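Student: Structure below; questions to follow.
The numbers here are math on the coordinates, done by the rules we state, and not lab data. Computed from a prediction, not measured in an experiment: that's the story for all the values here. Here the Cβ positions follow ideal geometry from the backbone for every residue, glycine too, while neighbour counts run over all protein chains shown.
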Amino acid sequence: MAMDAGEIERLIKDALPDARVTIQDLRGDGDHYAAHVESAAFAGKTRVQQHQIVYAALQGRMGNELHALALQTSAPGAS
């Protein structure tokens, strides 16, 4: 079962209330998304740790309802 972009954004913002989240459905199938997530929670964290925070926010849906997520993360002001 596919997820919609709004659900992905809601889950991320529930875990990271300050996050700025942009979601793009890459294929129009509700199964393959690109996301950019910016949050102060990422400051001082490695890229891997940042992605782990987002995956944890998705509460086990990655690989199930959500097949693919091209993820970009950053802290505010980071380039």
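Student: Put one equal scatterer on each alpha carbon of the chain, apply the Debye formula with no solvent term, and list log10 I(q)/I(0) at q = 0.12 1/Å to two decimals.
Tutor: -0.29
Student: Between 0 and 90 degrees, rounded to the nearest ten: what's the tilt of helix 47-57 against the longest Cα principal axis of the chain?
Tutor: 50
Student: Could you tell me the relative contact order of the chain? Use alpha-carbon pairs under 8 Å, at least six residues apart, and round to a whole percent.
Tutor: Relative contact order of the chain: 34 percent.
Student: Moving on to the next point. Per DSSP H run of n ≥ 4, the term is -39500 (n - 2.57); total these for the chain, divide by its residue number, and report the mean residue ellipticity at 222 nm rounded to 500 deg cm²/dmol.
Tutor: For the chain, the value works out to -8500 deg cm²/dmol.
Student: Report ³J(HN,Hα) in whole Hz for each residue of region 3-17, in order, from the Karplus equation J = 6.51 cos²θ - 1.76 cosθ + 1.60 where θ = phi - 60°; Gly and Pro get x.
Tutor: With coefficients 6.51, -1.76 and 1.60, one gets 10, 9, 4, x, 5, 4, 4, 4, 4, 5, 5, 4, 7, 10, x Hz.
Student: Using the Karplus equation 6.51 cos²θ - 1.76 cosθ + 1.60 (θ = phi - 60°), what ³J(HN,Hα) coupling, rounded to whole Hz, does each residue of region 59-73 give in order, writing x for Gly and Pro?
Tutor: 6, x, 7, 5, x, 10, 5, 10, 7, 9, 9, 7, 10, 10, 10
Student: Working out 0.36 nm times the residue gap between H67 and D14, then minus their Cα-Cα distance, what length gain in nm do you get to one decimal?
Tutor: Extra length available between H67 and D14 comes to 17.0 nm.
Student: So which trypsin sites (Lys or Arg not before Pro) in the chain end up in coil per DSSP with only 15 or fewer other C-beta atoms within 10 Å?
Tutor: For trypsin sites (Lys or Arg not before Pro) across the chain that sit outside H, G, I, E and B with at most 15 neighbouring Cβ atoms in 10 Å, the list reads R27, K45.
Student: Here's a follow-up. Can you tell me how much longer the chain between A43 and A5 gets when fully stretched, taken as 0.36 nm per residue apart minus their C-alpha distance, in nm with one decimal?
Tutor: 11.2 nm is the gain from fully extending A43 to A5.
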